[in-house]
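> Below you'll find the structure I mean.
The values are calculated or read from the model by the stated rules, or taken from the named source; none is laboratory data. What you are looking at is a predicted structure, and each value in this text was computed from that prediction instead of being measured. As a convention, Cβ positions derive from the backbone with ideal geometry for all residues, glycine included, and neighbour counts pool all protein chains shown. The protein model used for the area step is the full one, side chains on, heavy atoms only, and it has no ligands, DNA or RNA in it. Shrake-Rupley method; radii C 1.70, N 1.55, O 1.52, S 1.80 Å.
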Amino acid sequence: MMEGSEILQLYEIQYSDLMLLSSSSSSSSCSHYQERMIMENLGPMGPGLLAVTNVPDASLLRRKLLPLARKLAILCPEDRKRILRDHNLGSDVPLKNPDRNVSSFAMQLQYDQVLESIESRPSHGIDSFEDNGFDNLEHMFNALGFCMMEVGLCLARICDKHIGGKELEQSLLESCAAKGRLIHYHSMVDGIVLRKAGQRMGSSKSNNHARRKENLSKSTNLETNGNGVRSCDIHSSLWQQWHYDYGIFTVLTDPMFIQSSHRATQDIKLPISSDQECASPSGHSYLQVFHPNKNKVLMVKSSPESFIVQVGESADILSKGKLRSTLHCVQRPARLENLSRETFVVFLQPAWSKTFSISDYPIKHYNTSVQPFEQAEENNVSDQDQNVLALEIQKIVPPLSARLKDGMTFAEFSRETTKQYYGGSGLQSNK
């Protein structure tokens, strides 16, 4: 869907400049310009995201950690269970289902450890990490997660200067922890590998259960991904359906793409090891956003090995609309059945007990999930297509007014959001 979408080249700021801006000593004309650009890109007139480049250690950590997502995803269940346990990782997707579109491996990351890391600036010993399987999985997971949390804290501090007060930064610190997720978006070949692995184990009962779940998925168009958000087959070209993240910031790596030498039509032999990193087929990330000001879908392009930072709904609410949450999805490349996508994401959110007020929140944002064009010219096919998509998104993305009431805690808001998207009568369940 929308493979020919207009490209959005993200505004980029270097890590060193971000650190300087977040300090109280930044007052040059250059720093004022950078702050203005940050707020323009994260505010209601912008796309709701930007990129941070040249983060220390991030490039090497990304190259070493991201390939492990696919290796974990297609590993035999017993070995995977042992590795996740040994490295204090869990998962929030049904890993027993061989027809899943996404595999996600998660861990809580503590802010007190991030602050210690910032103060001491220790060497993570990354150069000494050898490519010896999963031995350094937990260490790399924490190290990359801490880099992202530091970026999120600094960005919150900068935004607070313009919003007034210290609401965003304090809300993050009061939560005590963020959630990191190592995510693998499956290729069609991965599905064949997983089904063959199930057959090899002789788990006919599991296979029958998986087939029932597949049929259910086709009727409900659902499958959970790593953010408590579900992939959806309403659009078969999506790895992940349109949604808002409901935290404060989401920080993610520029994705890595892995190509298997096998084709879906081949008789794949197990185990499979002939996979390698490759460039994005189209040169972009396959992350799509709906730009509220331009009223169109844009395909995100960022520098390799940068961090992408998206605004979540909690930041939108706490800033009273001065920041604008990012409506987004992940597209699956067309006709590339052996291509998978790997990324690492950290979700920064308020404490569960944080109370929201909507008294000064813009009513237009509150009542509508996405604004379609008021009028698409008959001879403008692009506008008509975009308008159809906007109306389609409205059907599956519940407006904030359906999920947030004045005085709700973040815990109540997150539960209601999950229910509205996916619960018994959730809009994306198609029931």
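> Going 7 Å from the Cα of Gln113 along its beta-carbon direction, which residues of region 335-355 have the amide nitrogen within less than 18 Å of the resulting point?
Of the residues in region 335-355, 344-349 have backbone N under 18 Å from the label point off Gln113.
> Could you sort out which of Lys179/Lys296; Lys179/Lys294; Lys294/Lys364; Lys179/Lys320; Lys320/Lys354 sit more than 27 Å apart by Cα distance in this structure?
Listed pairs above 27 Å: Lys179/Lys296; Lys179/Lys294.
> Now a separate question. When the accessible area of region 35-99 is split by element with a 1.4 Å probe, what percent falls to carbon and sulfur?
52
> Another question about this same structure. Please compute the net charge surrounding Glu169, taking Lys and Arg as +1 and Asp and Glu as -1 over other residues with Cβ under 9 Å from its Cβ.
0
> Okay, next question. If Lys and Arg each add +1 and Asp and Glu each add -1, what is the summed charge of the other residues whose beta carbon sits under 12 Å from the beta carbon of Leu20?
Charge balance in the 12 Å sphere: -1.
> Could you work out how far apart the two model spin labels at Ser401 and Cys278 are, taking each label as a point 7 Å from the Cα in the direction of the beta carbon, and quote it in nm?
Going by the 7 Å Cα→Cβ label model, 4.7 nm.
> With the cut-off at 1.5 for a/c, could you classify region 5-105 from its C-alpha gyration tensor as rounded, prolate or oblate?
prolate
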